[in-house]
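Every read-out reported here was derived from the displayed coordinates using simple, explicitly stated rules and does not represent laboratory data. The structure displayed is predicted, hence computed values, not measured ones.
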Amino acid sequence: MSSIDLRRLGLRSGEVRQEQVEAELDPFLLGGQRYEAHPETVPLDVEITQASGATVFDLRLHVRLAGPCMRCLGFSEVEVDAKAREFYDPSAPAADALRSDYVVDDRLEVGSWARDAVGLALPEQILCRPDCAGLCPVCGKDLNAEPHEHIERDVDPRWAPLEELRDRL
Ligand SMILES: [Zn+2]
Ligand SMILES: [Zn+2]
């Protein structure tokens, strides 16, 4: 996993540093489906600001994820812009908001942070297109390719030819 060695930066109070890091994002599993980052290696922009007590980390990234549409299971792709901020004050108690869990042994674990940030920025539904009609709940056919409805009623056999005609109209 990608990380940034904070000691190497040697920031003094008031200094700001921009770092570019690449991270490989593992696929996301949502509702039993797999969504993969394209390309797999995602560039991350990290801004590190050394305040008097704490260090402030700002993360920005852009990633494209591809996987099955949640309605029709066809190919879908989603663009995700993620932004996140973390603080690290070594004197803050563990589990405090000022003590980021992503800082371990003076290293910012930016790979796992990026993955979590993308997870939080994902849309609730990943669709091939916003108005995807999905699969027919009755017969399972793709309603985008074959729009249709099933009308539930008993048809008098004498009317069947008329029904067929109506279906063709
Ligand atoms: Zn779809
Ligand atoms: Zn159907």
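In sequence order, segment 125-132 has phi-based couplings of 10, 10, 10, 5, 7, x, 9, 3 Hz under the Karplus curve 6.51 cos²θ - 1.76 cosθ + 1.60, θ = phi - 60°, and Gly or Pro positions carry x. Amide H contacts of Thr55: Tyr88, Asp89, each under 5 Å away and 5 or more positions distant or on a separate chain (H built 1.01 Å from N in the peptide plane; Pro and chain starts excluded). Among Arg99, Arg12, Arg71, the largest mean-square fluctuation in a Gaussian network model of the chain, built with springs joining Cα atoms closer than 10 Å, belongs to Arg12.
Relative to the longest principal axis of the Cα atoms of the chain, the long axis of helix 110-121 lies at roughly 40 degrees.
Between Glu77, Glu36, Glu19, the Gaussian network model of the chain with springs among Cα atoms under 10 angstrom shows the greatest mean-square fluctuation at Glu19. Remark on Glu22: its backbone amide H falls under 5 Å from those of Leu44, a criterion applied only to residues 5 or more positions apart or on other chains, H modelled at 1.01 Å from N.
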